[in-house]
Amino acid sequence: MFWGVFRADPWTQKTLVTGLDPHLAAETANAMQRYAMEHTRLGIPLFFAEEAPHGHMAIGTTVFPTGLGMSATFDTCLMAKVGKAIATEIRLQGGHVSYGPVLDLVRDPRWSRVEETMGEDPVLTGEMGAALIRGMGGGHLAQPDATLVTLKHFIAYGASEGGLNGSPTHVGTRALHSLFLPPFRKAVEAGALSLMTSYNSVDGVPCTSNPYLLRDVPYGQWGFRGFVVSDLYSINTLRSDHHVASTLEEAAVLAAKAGVHVDLGGLAYAELVRAVREKRLDEQIIDEAAARVLMAKFEMGLFDHPYVDPKAAARDVRSDAHLSLARQVAQESITLLKNQNKILPLSRHVRVAVVGPNADSPYNLLGDYTAPQPEEQVITVLEGIRSKLQPSQVEYVRGCAVRDTMLNEVAQATAAAERADVVVAVVGGSSARDFRTSYEKTGAASEKENAVSDMECGEGFDRASLSLMGRQEELLRALRKTGKPLVVVYVEGRPLDKTWAAGEADALLTAYYPGQQGGAAIADVLFGDFNPAGRLSVSVPRGVGQLPVYYNRLRPSAHDYIDMSTKPLYAFGYGLSYTSFEYSDLRVRNAGEGRFDVSFDVANVGGRDGDEVPQLYLSDEVASVVMPVMQLRHFCRIHLKAGERKRVSFMVSGEDFEVVTPDLRHVAEPGTFEVMVGAASDDIRLREKFNYQP
C-alpha cells in the first residue's frame with residue numbers, strides 16, 4: 001500500500017508545476033501497478049490510499065466545503081452525491097482507499113482540526129458520515145467507482161485536553177460508547193472498511209495500542225470486517241510521545257498485538273520481521289493483517305483489473321457536474337445568523353465596499369488538506385460579488401491580514417465604506433498552507449521564525465482564544481463608525497468569537513471553508529439567488545471561559561456563571577432564512593413494537609421559497625444513568641414554496657431510546673419521554689410527552 005502518491009501541498013513540496021495532474025496521476029498509478037504485477041516476487045497489485053476529507057487532495061480535483069460546512073447542510077441526500085463524486089475522482093486516477101470522512105466529535109473549538117469534523121453531535125455526525133460512505137460505494141468494492149473508506153480518527157480525538165492536538169482525552173468507557181463510538185458504528189454499518197487510529201490516549205492508554213478499542217469493539221461488537229491503519233507515525237509515537245515503549249520494535253509489537261494491521265509510515269512495522277523471528281510476536285498476527293488487506297484487494301478486483309484509463313481521468317475529474325455540486329454544497333452550508341431589518345438580500349442597485357482579509361484570498365476559502373489550485377479555479381467572495389453587479393458598483397480594499405498586524409489598510413477600507421451604500425466585510429480565519437509555513441513529519445504545521453502567515457487553523461494550529469486575530473476587529477469597529485450598513489461574513493475553520501458582530505453588524509453569516517465555488521455561493525446568498533438554510537453543527541460560544549458549551553450536556557441543566565451566561569451565543573442547529581416557517585399539529589402515534597410515529601406540519605408563511613430543517617430531540621425524564629438534557633434523534637431538510645405546507649414524519653424506535661448502562665449494555669429502557677420538535681436546539685416549537693415500553 002502506498003499513501004499520498006497523488007497528494008500535493010507545501011509539505012510534500014508538490015506544486016502545480018511539479019505535481020501530478022489527473023492524466024499523469026493515472027499514468028503513474030499504471031506504471032507502479034505494472035511494476036508490482038510484473039516485477040515483484042508475488043505479483044500482488046498495489047493499494048493507493050489518498051486523503052479525501054472534502055475532495056481528493058490532489059491537483060485538478062474538485063474541492064468541496066470542509067466537513068464542518070458539509071454537516072451544516074443537514075442534507076444526507078446531498079452528502080451521498082458528494083461521496084460519489086469524491087470516490088469517482090479517486091478511482092479514475094488509480095486510487096483505491098479514501099481517508100475520510102472525519103467523524104471526531106468536537107468538544108473544544110480551540111482544537112485545530114474542528115474544520116474537518118461534522119460537528120458536536122453524534123447523531124448528525126453518524127448520519128452525514130454514513131451518507132458520504134453510501135455515496136462512496138457503501139463497501140461494495142467491486143463497483144468501479146467505489147473506494148475503500150477509512151474513518152478518522154479512532155477515537156475521541158476531538159475531545160483532547162485543552163483543545164491541544166493529540167493531547168490526552170479524559171472520557172470514561174461509558175461515554176465512549178454513548179457519544180464517540182456511535183458515529184463510527186453507523187459508518188461501519190454503511191460500509192466503511194477501514195479505521196484509522198488517533199494520536200491521543202484515552203484514560204492513559206494510547207489509541208494505537210488499545211486492544212479493547214481496536215479488536216473487542218469493532219470486530220467483537222460491530223461485526224467489522226475491514227482493517228485498522230495507524231495514523232501517520234502514530235505507532236512511532238508510542239515510544240517518542242507516549243513513552244509506553246522503549247524501542248521502535250516494542251512499539252510495533254504493541255500496535256500489532258492491539259489490532260493495527262497497517263503501519264502508515266512503515267518505519268515501525270519494518271521491525272516486526274525480527275520480532276517474529278525472535279518469538280516476540282506470533283506470526284499469525286502478521287497473517288491476519290495480510291489477509292485483511294489482500295481480501296479487500298480481491299474484492300475490488302485489482303488482480304484482474306489493476307489499470308485505469310488516463311484519458312478518462314483527464315476528461316472526468318473536476319467535471320462541470322462536480323463543480324456544480326460543490327457550489328450547491330457551499331450554498332446549502334452557508335448559515336445566516338443575523339439579518340437585522342432584513343438588510344439581506346442585497347439589492348442589485350447598491351454600491352458595495354468589499355473589505356477584509358478573506359474577501360479575495362483564494363486559499364483561505366479552501367481549508368486544510370487541499371492541493372494547490374490554479375487561481376482561475378477558485379472563486380473568491382470579491383469575484384462572486386462582482387459577477388452580480390457592474391464594475392462601478394464594487395470597490396475592494398483588503399483592510400488587513402488575518403494575523404499579520406503589519407498590513408494596515410483600515411483607513412483606506414473606511415474611506416471605501418464612506419463611498420458605498422453597504423459594506424461586506426469578509427473576516428475570520430485560515431487554514432491555508434503556504435511555503436512560509438514549515439511542517440512536522442506528520443504534516444502538522446509549525447511556523448518558521450519571523451513569518452506570519454494567515455494560517456490560524458488546520459492540523460497543529462490549536463488556539464488559546466477564539467477572537468479574531470490581527471487587526472480584524474479594529475477593521476470592523478472602524479467600518480461600523482461610518483454608519484453604513486455592515487454585513488459580516490466569517491470564513492472560518494472553527495466557531496470564532498462573534499460577540500461583537502452579533503451585537504453590532506446588521507447581518508452576520510458563517511460560510512465555514514466553502515471550497516473552490518465558495519465565493520460564488522456566498523454571493524448567491526447575499527443577493528438572494530439562494531435562500532440560506534444552513535444550520536450550525538457546532539455551538540458558537542460567547543467566550544472561551546464557557547467551554548465546553550455543546551448543547552447535549554448531561555444533566556443537571558447548567559446554571560449561569562456570575563459574569564456570563566452558560567448559553568452559547570448561537571446554539572447547535574441554529575440558522576435563519578429569508579422566509580419564515582411555522583410548526584403545528586404535533587401528533588405522537590404508537591406504531592407498535594416499541595415504535596412511535598411523530599408527525600407535524602411545517603408551513604412556509606413568508607414571501608420566498610426556501611428550505612427548512614426540522615429537528616426532533618428527545619429527553620428521557622428518568623433513566624438508570626445520567627442522560628443529556630436533550631439529544632437530537634432525527635432531522636431532515638425540506639423545500640417549501642411560499643405559502644406551502646408539508647407534513648413531516650419521523651419514526652422514533654428502539655435505538656432512539658437506548659442508554660448505555662454501567663456494564664456497557666445498550667438498553668432501551670421504559671419510561672416517560674418528551675419529544676421536542678423545532679428549528680434549533682434552542683428553538684423548540686412543539687412538545688409532547690409519551691410513555692415508551694420496549
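The values are calculated or read from the model by the stated rules, or taken from the named source; none is laboratory data. Just so it is clear, the structure is predicted and the values come from calculations on it, not from any experiment. Neighbour counts run over all protein chains shown; Cβ positions are idealised from the backbone, glycine included. Side chains included, ligands, DNA and RNA excluded: accessible areas come from the protein's heavy atoms. Shrake-Rupley method; radii C 1.70, N 1.55, O 1.52, S 1.80 Å.
Quick notes on this structure:
- Filtering Arg318, Arg348, Arg327 for residues that are in contact with a Lys or Arg (Cβ under 9 Å, 6 or more places away or on another chain) and in contact (Cβ under 8 Å) with a residue 40 or more places away in the chain leaves a single hit, Arg348.
- Only residues that are in a loop (DSSP other than H, G, I, E, B), open to solvent by 10 Å² or more (accessible area, probe 1.4 Å) and of a type outside the set (Gly, Ala, Ser) were counted in the stretch 122-165, giving 6.
Every residue, every condition in (1) basic (Lys, Arg); (2) buried (at least 19 other Cβ atoms within 10 Å of the Cβ); (3) assigned to a strand (DSSP E or B), yes or no:
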| position | (1), (2), (3) |
| --- | --- |
| Leu254 | no, yes, no |
| Asp287 | no, no, no |
| Glu299 | no, no, no |
| Leu302 | no, yes, no |
| Arg318 | yes, yes, no |
| Leu337 | no, yes, yes |
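- Counting only residues that are open to solvent by less than 60 Å² (accessible area, probe 1.4 Å) and not in a loop (DSSP other than H, G, I, E, B), the stretch 626-657 holds 14 of them.
- Filtered by the rule that a residue be assigned to a loop (DSSP other than H, G, I, E, B) and within 21 Å of Asp682 (Cβ to Cβ), the stretch 607-625 gives Val613, Pro614, Glu621.
- For the stretch 516-536, the count of residues that are under 29 Å from Met128 (Cα atoms), open to solvent by 10 Å² or more (accessible area, probe 1.4 Å) and within 19 Å of the chain's Cα centre (by Cα) is at least one.
- Only one of the listed residues (Gly119, Gly55, Gly60, Gly95) is touching an Asp or Glu at 6+ places or on another chain (Cβ under 8 Å), closer than 28 Å to His639 by Cα, of a type outside the set (Ser, Thr, Tyr) and assigned to a loop (DSSP other than H, G, I, E, B). That residue is Gly55.
- Residue ID - most open to solvent (accessible area, probe 1.4 Å), chosen from residues in the stretch 9-49 that are closer than 23 Å to Ser431 by Cβ and either in contact with a strand residue (DSSP E or B) (Cβ under 6 Å, 6 or more places away or on another chain) or among the hydroxyl-bearing types (Ser, Thr, Tyr) (or both): Thr18
- Inclusion of Ile44 among residues that are more than 25 Å from Phe154 (Cα to Cα) and in contact with an Asp or Glu (Cβ under 6 Å, 6 or more places away or on another chain) is not warranted.
- Any hit, the stretch 166-185, residues being within 23 Å of Arg292 (Cα to Cα), touching a residue at least 24 places away in the same chain (Cβ under 8 Å) and either of a type in the set (Gly, Ala, Ser) or open to solvent by 20 Å² or more (accessible area, probe 1.4 Å) (or both): yes
- Filtered residue count, the stretch 8-22, keeping only those that are more than 11 Å from Gly60 (Cα to Cα) and in contact (Cβ under 8 Å) with a residue 24 or more places away in the chain: 5
- Residue in the stretch 212-231 that is part of a loop (DSSP other than H, G, I, E, B), open to solvent by less than 20 Å² (accessible area, probe 1.4 Å), closer than 22 Å to Arg274 by Cβ and modelled with pLDDT of 95 or more present: yes
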